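Notes for the one structure printed next.
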Amino acid sequence: MKRKKDSIPSPRVSQRCNKAKGKVVDETQNHQLCPYFANIPSHLTVQILLQLPIKSLLICRCVCKMWKTLISEPHFAKSHFQKTPVSLMIRTNDHRRVSSTLYLLECEPEKFEIGSDNHVKLEPIFKLPLRDANSFGEKRNQIKNKSKCPLLSKNNLCRESLYIASKPDLDKFGIVNSCNGLLCLCDPSNGNPLVICNPVTGEFIRLPETTTTPTLNTTRVTRQQRQTALGFLPKTNEYKVIKMLISNHVNDCESVILEINTLGTPSWRNVEADSQVSIPLLKYPTCVNGALHWIGFEGGFAGRQRSILCFCLESERFQSFPSPPQVFGNHNNRTRGNTKITMGELKGFLYICDSTFFTDVTMWVMNEYGNGESWTKLYNIDPLVSSFGSPDPSRYLSHYGLCFPIKHFEEGAAVLLYHPCNWFIYYEPEKYGFKVFQIHGSAPNFVEIIPHIPSLISLKHVVKGDNIEVQNIHSRCAKFKLHEENEALSLSQPIDGDLESLRSLFYYDSNT
Amino acid sequence: MASSSSNLISLKTSDGTVFKVERALAKTMKTVQAIIEEADANIYMIPIHNVFSHHMDMIIDYYKLSVAGKSKEFSVEKLDNDELKDFLLAVHYLNMEDLFEVLTQAVADRLEKKSVGYVRKYFGIENDFTPEEYAAIRKKNDWAFKGDDIEPEEDEEKQEE
C-alpha cells in the first residue's frame, strides 16, 4: 500500500464537515480540502469494492464509467474471485424439457432462515445459450418477417408470442464442470464439449469444431468412454479443455485419443497419451493446482477398486496421484453397491466426500497437495445421521445424496447436504447448527447441482487475440423465451430447523 | 511494572495531543515504523498528520481487543458515514493493514445491496452514462438488481429521460 503524503486535509476540516449521512457535495472546488469519499484515490475505492459480494458489485458497475472500468479490470476480477465463497448453481433436471436457466444459491445461512410460511424466490442468474442458435435465428427471422404469425408452442397452443418450441435432445446442454469461475458445457448425448461460459457476466464462447481424428487401433471396441474437463493453469493464466476418447478393445488393449484446446486458440491439438496408463471409468473432474483429477472406478461403479487419476495441464501428461487409502481401501462388500464417493475442490484443496455408508458420511481433505499422507478426515457426519433415528436407515434414507463442503474447516466447517427430494441441510455446527430448506419448482423435478464460485472474470481477457468470438447471452437470446422460463424456483423452510422436527422429517415409522 | 521510555513511542496527532503507545502497536503502523527505522537517533516524538485524537482512541481500542483475541468485537457502527470516511483515511495514512481491512469491510457492508443512486450519493459521484449506455449496462447485469433484499432504484425513472 502506498503511503499518502499528498492530499492531506487540513485540521479545520473535521469541524466543517457536515454530519449528515450521504450528503451530496460538489467536490470539484474543494478538492484539496474535504476528505469526502468522492475524493478518495481509486486504489482505495478498489479496496472497498473488493469487499463487496458479487451482486452488489454488479450494481456498482452501473454507478459511473470509472467504476465500470475499475470493476471490469482483470486484476480486480481475479482478486475478488479469491475472496468469493463457494455457491451452488442449480438447474432443474427434467429430461423432457430444455432447462436453460441457472439459479445461484448463495450459501449464506442467514438467508436460510425463511420461516415456515414463506417462500423466497430464487432469482435466475443465467440463461444458457442454446446449442443450435442458428436454427433459432431462422425462427426469429420467421417471426420478424411475418408479424402476426402465431408460433406453435410445445403444448400446441396457438398464440402470438416469442415462445419457441425446443427439443431437449437438440438444444440442451450438459454441464461438465465448473473451473475458476467458468462453466464447461457439452452435448449430453456424447459428452462432446461445446461451450465455455461465465454465467455471471453472460459471456460465452463456442469451442472449435472437432476435426476428424485418426483411429489408432482398429480392433473391435468393447467399451468406449468419453471424458471432458475444463482446467485452469495459474502459471500461464490459461484455461484448457481436454477431450478424451478411451476405447477398450477386444484384445485387451486400450487406446486413448486425447485432444486439448487452449481457450482462445482456434483448434484442437492431438496429444500423445501415455500408453502405460490404464484408464478406468472416470468421474468428477476437478481442477486443482494446475492439474485435472478424476476418481477412477475400476470395474465400473460397483467395483471396489478406486483410484485418482491426475492429468497435469502444464506437461500435458498423466501422472500418478496418491489417493486416500482409508477411503479407497478395503470396503466391506455392500451388495447394494451404493458407492457414493464424490470429489471436488474447495479453495485450492482437493476433497473427497464419502457417503457410501449412509450412517457415516465423511469428508476428506488433502491438506498438502500431492502428499498422500496429508489426506485428513475433516469431519464425520455420523452424529447428524444417527440423530435421525430409524433402526434401519437403509429402508428410509436411500442415501444422502450429495455433500458439498462450503467452508474450509479453518474458517469453521460448513457443509451442505443434499437429499434427492430437493431437501437441503446446511450444517455448520459451530455457528448455526442445522438449517433445513427445500427447493420448489413449478413442476416436481429434481435439480442438478454444481458447486461454482461466481466470478467477474471476463472471457474477453481469457481469450487472447481475435481468433474466438466472445458472445453475450444478453444480446443474442434475450428475446426468446422457452417454456421452462416460466418456472420459478423458490426456497422454503417447511419446518424449523430443530432436531426434533428434523427427526420427524426423515424418520418414517415403519408401522404407519 | 517499570516501563522504560524506549518501550513507548510518542505520537502527536494533528490536534496536538500526545499519545504514548507501546512499540508493538506502533509496529502495526507501517508509516510510523518506517519513520522510526529511518531515524538515526532515537526519536522522541513522531507527528502523525491527518490523524486526530479520536482516531487514536479507536485505534488503541482495536489494538487492545485484537491482542485479547477479540478483534471481532470491534465495531464502527456508531460512526456516521463522514466519521467512518475520516477514520478510514487516517488508518490508510498510517498504513495499518488489519484495521484497514476491517474498515473497508465496514464501508462495504454499508453499501451492500443498496441502489445505484444511493452509492452515487455516498461517494458524491455523478452519473456519466448516457441513458442508452445505462440501459445497456443495466440490462447486462439485470440479475443483480432483482431480489427481495435489494433496495429499489429511486431515481431510475430519471435515467430513462
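Residue by residue through the range A:248-296, note down the ones that are closer than 15 Å to A:SER178 by Cα and among the small types (Gly, Ala, Ser). Once the filter is applied, which keeps residues that are closer than 15 Å to A:SER178 by Cα and among the small types (Gly, Ala, Ser), the range A:248-296 yields A:GLY290, A:ALA291.
Within the range B:55-82, the only residue that satisfies the criterion of being free of Cβ contacts under 8 Å to residues at least 12 places away in the same chain, within 11 Å of another protein chain (Cβ to nearest Cβ) and in a helix (DSSP H, G or I) is B:ASP82. Kindly check whether there is at least one residue in the range A:198-209 that is more than 14 Å from the chain's Cα centre (by Cα), modelled with pLDDT under 90, within 21 Å of A:ILE54 (Cβ to Cβ) and small (Gly, Ala, Ser). Yes: the range A:198-209 contains one or more residues that are more than 14 Å from the chain's Cα centre (by Cα), modelled with pLDDT under 90, within 21 Å of A:ILE54 (Cβ to Cβ) and small (Gly, Ala, Ser). Taking first residues from the range A:42-58 that are within 7 Å of another protein chain (Cβ to nearest Cβ) and more than 16 Å from B:ILE125 (Cα to Cα) and partners that are buried (at least 23 other Cβ atoms within 10 Å of the Cβ) and small (Gly, Ala, Ser), the Cβ contacts under 6 Å between residues at least 6 apart in sequence or on separate chains come to A:LYS55/B:ALA144; A:LEU58/B:ALA144. Kindly establish whether A:HIS75 is at negative phi and surrounded by fewer than 18 Cβ atoms within 10 Å (Cβ to Cβ). In short, yes. Within this structure, A:THR218 passes the test of being modelled with pLDDT under 85 and assigned to a loop (DSSP other than H, G, I, E, B). Within the range B:118-137, can you find the residues that are among the small types (Gly, Ala, Ser) and either at the interface with chain A (Cβ under 7 Å from one of its Cβ atoms) or crowded, with 19+ Cβ neighbours inside 10 Å (or both)? B:GLY124 - this is the single residue of the range B:118-137 that is among the small types (Gly, Ala, Ser) and either at the interface with chain A (Cβ under 7 Å from one of its Cβ atoms) or crowded, with 19+ Cβ neighbours inside 10 Å (or both). When the range B:100-114 is filtered for residues that are touching a helix residue (DSSP H, G or I) at 6+ places or on another chain (Cβ under 7 Å) and either free of Cβ contacts under 8 Å to residues at least 24 places away in the same chain or within 7 Å of another protein chain (Cβ to nearest Cβ) (or both), the ones remaining, listed by number, are B:PHE100, B:THR104, B:VAL107, B:ALA108, B:LEU111, B:GLU112, B:LYS113. Within the range B:84-99, the set of residues being touching a Lys or Arg at 6+ places or on another chain (Cβ under 9 Å), facing chain A (nearest Cβ under 8 Å) and in a helix (DSSP H, G or I) comprises B:LEU89, B:HIS92, B:TYR93, B:GLU97.
The values are calculated or read from the model by the stated rules, or taken from the named source; none is laboratory data. What you see is a predicted model; the values in this text were computed from it and never measured. Here Cβ is always computed from backbone atoms with ideal geometry, including for glycine, and neighbour counts include all displayed protein chains.
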